[in-house]
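Note sheet for the following structure.
Just so you know, all these numbers are worked out from the coordinates, no wet-lab data involved. Since the structure is predicted, the reported quantities are computational estimates derived from the model, not experimental observations. Quick reminder, even Gly has a Cβ in these numbers, built from the backbone with ideal geometry, and neighbours come from all protein chains shown.
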Amino acid sequence: MAEGNVAKPLILQGRNAGGALERVTAKARRAFRNSVAILLFLTAWEIVPRTGIVNVTFFPPFSEVVNAWWGLLRAGDLQDHLAASLTRSISGFLLANLIAIPLGLAIGWWKTAADYLNPFLELMRNTAALAILPVFILLLGLGETSKIAIVLYASLFPLLLNTISGVKNVDPLLVKSARSMGLSSVSLFRKVIVPAALPTMFVGIRQAGASSILVLVAAEMVGATSGLGYLIQYAQFSFLIPQMYAGIITISVLGIIVNYLLLALERRLTDWKQTYGE
Amino acid sequence: MTTESKISIRHVHKAFGIQRGSKQLKAENQPVYALQDINLEVRQGEFMVIVGPSGCGKSTLLDLLAGLTKPGSGQILLDGKAISGPNLDRGIVFQQYALFPWKTAIANVEFGLEAKGVGRKERRETAQRFIDLVGLGGFEHRYPHELSGGMKQRIAIARSLAYDPEVLLMDEPFAALDAQTRETLQSELLRIWEATGKTIIFITHGIEEAVYLGQRVAIMTSRPGRIKRVIDIPFESRRSEEDLRSNPDFVKLRHEIWELLKDEVSRAQEQEKSKTLDAYAEGRSSAKGGVRHG
Ligand SMILES: Nc1ncnc2c1ncn2[C@@H]1O[C@H](COP(=O)(O)OP(=O)(O)O)[C@@H](O)[C@H]1O
Ligand SMILES: [Mg+2]
């Protein structure tokens, strides 16, 4: 047992290596679980058109779609349309945040206002943004303004409603406790109300992020000369079917990226909450 | 009235007006009389316990002492001056801890110091000292949801002590804890009280807790709350006694308070029952009314 001293660090090392290995396999397993359904779907997409079960013209294999996507990228079309869409989405989304968050905080704080306004805001939210697109086009024309306006409209109400409900539902005991420490209304708002309402506000921010893309794409299909929605519509009219699918895939991926970014921001700002996984 | 009173509560009345709330819109418009002619003197450095049945107005009284609400009539003096609002010269500890969930334990303790305008470095040091005082060294950077109920209440106590209030107001602070944690925290509180010399007003509905902690115990009636009697608890330095709870004098006092309290408790329960029934009847009749009007 003279080697006991020597053996000990070796065992420790072995254990560490085992831990690392375990972590890697756990990661791999998670990656597999997350992607297996998507991979199966893509495989089916590749194989089924080739078997002739569906019409290849309308439903080309996935590899052809990827080729078309690559072609659009090389030609620079994809970037142009993506940039056009993103500019509109982001402008509308940011404007909505700029308006809805201060307004929502104020309305939520002033309870009577909230009680009177909530049914109206609910009504507005449930008026599908696309249903009033014609109104925007009539009033603002076919240009950028009406696109940004429709994104603004679609983002505004989820943001507003969630901010209001976040402020209204702040635990009154926390307010009481802060007031008992002599906080002024301004610091009460800054140090208690806003941080307490933040998780609910983020529900609105994520909803707004999702709908800002959704609504924009649809709006671009109706009257536009650029943007991903236009790309899809144009590709369909011109019978460039693989290109049409390429546009659709780009939008899906964009939606996932936006949601992921907002989720990451949310986790950063509300990392005090119980973590979801555990 | 002694001149050395830290707090004087004089002829304080408090009633609540018509309840907002959708169902009770048509409810009897008569106000709820929560407190009626409350008189109480609390000495500097005293540990005063107020015991009463639930719903008798204990929390209402504490809110008044905190300056969060104003009495309907009468006055509350702190060092001879009327209380005009919340202030850092009084600290409150609530039953439900009221910790800010987005702040770590130490940041919670710093909250009142921040409100007081203490600089960052000193704030951290003071907060650390009080976290150590309540025995939670090592847990500074945990968030409230990572702490047990007893730990949360320790942090809440540290938060209230950190900004050095003259009076500590505690509203059933241990009621939500399990029996063992409660007993530990009770003796810890006595230790802290002896170490800091704060004036403490401690509210509870537990008789044993009242006798164990208080130098004096004020017994309240059912609603409208009045002070029925104030009883002296003559144990000196309670911590030296090993098992005070089985001491015959302790048992006698507990029984005496129970005798004073039991009618109030059953009356309070009656009130509770009739209130529920009223609310039910109210709900029924307004529903019928709704049909008639619709
Ligand atoms: N803000 C309020 N509005 C109306 N009634 C209230 C309000 N706060 C307390 N009450 C009533 O006053 C009485 C005393 O309440 P409270 O002080 O919370 O009792 P305790 O703390 O002794 O259980 C209860 O009947 C309660 O319903
Ligand atoms: Mg109470």
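Summary table below
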{"quantity": "Mean Cα-pair separation over length for chain A, i.e. relative contact order, pairs under 8 Å, 6 or more apart, %", "calculated": "21"}
{"quantity": "With 10 Å bins from 0: P(r) over chain B, alpha-carbon pairs, percent", "calculated": "6, 25, 31, 24, 11, 3, 1, 0"}
{"quantity": "Most mobile listed residue (A:ALA20, A:ALA246, A:ALA106) in chain A, GNM with C-alpha springs under 10 Å", "calculated": "A:ALA20"}
{"quantity": "Selection from A:LEU188, B:ASN39, A:ALA100 lying farthest towards where the dipole of the protein assembly as shown points positive, charges on Cβ", "calculated": "A:ALA100"}
{"quantity": "Spacing of the two label points (7 Å from each Cα toward its C-beta) at B:GLU122 and A:TRP70, in nm", "calculated": "6.9"}
{"quantity": "Cα lying deepest toward the dipole's positive end in the protein assembly as shown, options B:ILE157, B:ALA218, A:ALA26, charges on Cβ", "calculated": "A:ALA26"}
{"quantity": "Equivalent ellipsoid dimensions for region A:62-275 as semi-axes, Å, which come from the Cα gyration tensor, largest first", "calculated": "39, 20, 12"}
{"quantity": "Contour excess over end-to-end distance, with Cα ends at A:ARG268 and A:ALA26 and 0.36 nm allotted per residue", "calculated": "84.7 nm"}
{"quantity": "Other protein chain Cβ atoms within 10 Å, averaged over every residue that makes up B:159-166", "calculated": "1"}
{"quantity": "Dipole magnitude of region A:38-166, debye to nearest 20 (Cβ charges: Lys/Arg +1, Asp/Glu -1, about Cα centre)", "calculated": "120"}
{"quantity": "Relative compactness, region B:191-261, computed as alpha-carbon Rg over 2.2 N^0.38 Å", "calculated": "1.15"}
{"quantity": "Backbone N within region B:160-189 under 15 Å of label point (7 Å from B:ALA195 Cα along the Cβ vector)", "calculated": "B:160-164, B:185-189"}
{"quantity": "Longest exposed-site-free window of chain B, the sites being trypsin sites (Lys or Arg not before Pro) in a DSSP loop that have at most 13 other C-beta atoms within 10 Å", "calculated": "B:21-238"}
{"quantity": "10 Å binning of all Cα-Cα separations within the protein assembly as shown, expressed as whole percents from 0 upward", "calculated": "3, 12, 17, 18, 15, 13, 11, 7, 3, 0, 0"}
{"quantity": "The protein assembly as shown, dipole about Cα centre (Lys/Arg Cβ +1, Asp/Glu Cβ -1), debye to the nearest 20", "calculated": "760"}
{"quantity": "FRET efficiency, 1/(1 + (r/R0)^6) with R0 25 Å, evaluated for A:PHE59 and A:ASN126 via beta carbons", "calculated": "0.10"}
{"quantity": "Point-charge dipole on Cβ atoms (K/R +1, D/E -1) for chain A, about Cα centre, debye to 20", "calculated": "960"}
{"quantity": "Compactness of region A:82-175 as Cα Rg over 2.2 N^0.38 Å, two decimals", "calculated": "1.23"}
